[in-house]
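Worksheet: the structure to be examined is printed underneath.
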Amino acid sequence: EKRELLIYKDRKVLTKDGKRIEVAANISSKEEVDVALKYGADGIGLFRTEFLFMNRETAPTEEEQFEVYKYVLEKMDFRPVIIRTLDVGGDKKIPYIDVGTEMNPFLGLRAIRLCFERLDLFKTQLKALLRASIYGNLKIMFPMISKVDEIKRAKEILEDVKAELKKAGQKFSDKIEIGIMIEVPSAAIISDLLAKEVDFFSIGTNDLIQYTLAVDRMNEKVSNIYEPSHPAILRLIKMVIDNAHKEGKWVGMCGEMASDISMIPLLIDYGIDELSMSAPSILKVKKEILKSIG
Ligand code: PEP
Ligand code: MG
């Protein structure tokens, strides 16, 4: 069965309407790039950079991060690589990044919220990303955006960092796309406004389902309520894709739903442009997309 799937490895997948769908890999370390390529990833749809910050005593330096991002971009050889800025807090705790005691960590100082509090960490990461951008096709993505002000502020900080690099005579690409995760219900609901601020969206269904249905994604006692095909979720997904396309922006999906074979025909019908998943799922997803055109 696995060998049979290998025929899909280098296939670009088109829908029956002739639309190209990118099938990309989620990674959380530079080592996983080889796995992504082995399974025929068209790109990296989500690099969860928080894993670079885990299991160590201090944050990785700009230089350390630069080396990792450069490595991934070079290995992917100008295929698209979406690198998500630090998403800690919630379930991902890091001893040297103190968010205090929180009653509801998933609703607390997490992801972009934490980055705004810790500009030292945020700017260091953005600097490393910008410097690495000349080695491939980098797209930067911000997590947990819940309102327009947050993406405006993130872009302002990015511009500040660009100005600092320019002053220091350091090079970076001028073609970096900027995107956000759509994983908070408010972001989905105002996706018409957010679409004007970015180049792309990536729908994070893991958190979008958790927050929309008020169900902890880690709690087995309520896992029966964690329902990806709940009409509320499907309506939000459709709305996000329509609002992005109205502004001429593209939409990916990087939560678990992206590799759920039973959902793929619907997502394609809604107009999804990219699906990103753990690498071993890529071939079966490519096969499923191609099935409709034979
Ligand atoms: C998501 O929320 O769907 C997502 C892809 O991000 P993470 O699983 O890292 O929270
Ligand atoms: Mg998430």
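Which count do you get for residues in segment 71-80 that are over 18 Å from the mean Cα position of the chain (by Cα) and not in a loop (DSSP other than H, G, I, E, B)?
So in segment 71-80, the residues over 18 Å from the mean Cα position of the chain (by Cα) come out as 71, 74-75, 77.
From what's left, not in a loop (DSSP other than H, G, I, E, B): 71, 74-75.
Summing the residues that are over 18 Å from the mean Cα position of the chain (by Cα) and not in a loop (DSSP other than H, G, I, E, B) in segment 71-80 gives 3.
Which residues, taken from segment 35-70, are assigned to a helix (DSSP H, G or I) and under 13 Å from SER276 (Cβ atoms)? Reasoning before the result, please.
Going through segment 35-70, the residues assigned to a helix (DSSP H, G or I) turn out to be 35-38, 49-53, 62-70.
The one that is assigned to a helix (DSSP H, G or I) and under 13 Å from SER276 (Cβ atoms): ALA36.
Among the residues of segment 107-147, which ones are of a type in the set (A, V, I, L, M), more than 15 Å from ILE82 (Cα to Cα), touching a residue at least 60 places away in the same chain (Cβ under 8 Å) and not in a loop (DSSP other than H, G, I, E, B)?
Matches in segment 107-147: LEU121 only.
What do you reckon, is GLU67 buried (at least 18 other Cβ atoms within 10 Å of the Cβ), more than 16 Å from ligand 2 (Cβ to nearest atom) and among the acidic types (Asp, Glu)? Lay out the reasoning, then the answer.
Values: buried (at least 18 other Cβ atoms within 10 Å of the Cβ): no; more than 16 Å from ligand 2 (Cβ to nearest atom): yes; among the acidic types (Asp, Glu): yes.
Here the answer is no, as GLU67 does not meet what is asked.
Taking the condition of being among the hydroxyl-bearing types (Ser, Thr, Tyr) and loosely packed, with under 13 Cβ neighbours inside 10 Å, how many residues in segment 13-59 meet it?
Taking segment 13-59 and keeping what is among the hydroxyl-bearing types (Ser, Thr, Tyr), we get 15, 28-29, 39, 49, 58.
Add one more test, that the residue is loosely packed, with under 13 Cβ neighbours inside 10 Å, and what stays is 58.
Residues in segment 13-59 being among the hydroxyl-bearing types (Ser, Thr, Tyr) and loosely packed, with under 13 Cβ neighbours inside 10 Å: 1 in total.
Return yes when LYS287 is part of a loop (DSSP other than H, G, I, E, B), more than 14 Å from ligand 1 (Cβ to nearest atom) and either surrounded by fewer than 18 Cβ atoms within 10 Å (Cβ to Cβ) or more than 18 Å from the chain's Cα centre (by Cα) (or both) and no when it is not. Even if it seems obvious, please write down each step before you answer.
Working: part of a loop (DSSP other than H, G, I, E, B): no; more than 14 Å from ligand 1 (Cβ to nearest atom): yes; either surrounded by fewer than 18 Cβ atoms within 10 Å (Cβ to Cβ) or more than 18 Å from the chain's Cα centre (by Cα) (or both): yes.
It is false that LYS287 is part of a loop (DSSP other than H, G, I, E, B), more than 14 Å from ligand 1 (Cβ to nearest atom) and either surrounded by fewer than 18 Cβ atoms within 10 Å (Cβ to Cβ) or more than 18 Å from the chain's Cα centre (by Cα) (or both).
Regarding ILE261, is this residue in contact with an Asp or Glu (Cβ under 7 Å, 6 or more places away or on another chain), at negative phi and either at pLDDT 95 or above or assigned to a loop (DSSP other than H, G, I, E, B) (or both)? Even if it seems obvious, please write down each step before you answer.
Numbers: in contact with an Asp or Glu (Cβ under 7 Å, 6 or more places away or on another chain): yes; at negative phi: yes; either at pLDDT 95 or above or assigned to a loop (DSSP other than H, G, I, E, B) (or both): yes.
So ILE261 passes the test.
Could you look through segment 186-218, keep only residues that are farther than 25 Å from GLU156 by Cβ and not aliphatic (A, V, I, L, M), and pick out the one that is nearest to ligand 2 (Cβ to nearest atom)?
The residue in question is ASN206.
Please find, within segment 219-250, the residue that is farthest from SER146 (Cα to Cα) out of those that are in contact (Cβ under 8 Å) with a residue 24 or more places away in the chain and within 16 Å of ligand 2 (Cβ to nearest atom). Outline the logic, then answer.
The initial filter retains those residues of segment 219-250 that are in contact (Cβ under 8 Å) with a residue 24 or more places away in the chain, namely 228-229, 233-234, 236-247, 249-250.
The next check asks that each one be within 16 Å of ligand 2 (Cβ to nearest atom); those that pass are 228, 233, 236-237, 240.
Working: PRO228: 20, ILE233: 16, LEU236: 14, ILE237: 16, VAL240: 14 Å.
Only one residue fits best here, namely PRO228.
When you scan segment 161-178, do you find a residue that is touching a residue at least 12 places away in the same chain (Cβ under 8 Å) and within 16 Å of ligand 1 (Cβ to nearest atom), even just one?
Checking segment 161-178: not a single residue is touching a residue at least 12 places away in the same chain (Cβ under 8 Å) and within 16 Å of ligand 1 (Cβ to nearest atom).
Criterion first (buried (at least 17 other Cβ atoms within 10 Å of the Cβ), within 27 Å of GLU274 (Cα to Cα), out of contact with any Cys (no Cβ under 8 Å at 6 or more places or on another chain) and at pLDDT 95 or above) does LEU86 satisfy it? So that I can check it myself, show each step before the final result.
Details: buried (at least 17 other Cβ atoms within 10 Å of the Cβ): yes; within 27 Å of GLU274 (Cα to Cα): yes; out of contact with any Cys (no Cβ under 8 Å at 6 or more places or on another chain): no; at pLDDT 95 or above: yes.
In short, no.
Report whether or not ILE83 is in a strand (DSSP E or B) and under 20 Å from MET54 (Cβ atoms). Steps first, answer last, please.
Numbers: in a strand (DSSP E or B): yes; under 20 Å from MET54 (Cβ atoms): yes.
Answer is yes for this residue.
The values are calculated or read from the model by the stated rules, or taken from the named source; none is laboratory data. This one's a predicted model, so the numbers in the text were calculated from it and none came from an experiment. All Cβ positions, glycine included, derive from the backbone under ideal geometry; neighbour counts span all protein chains shown.
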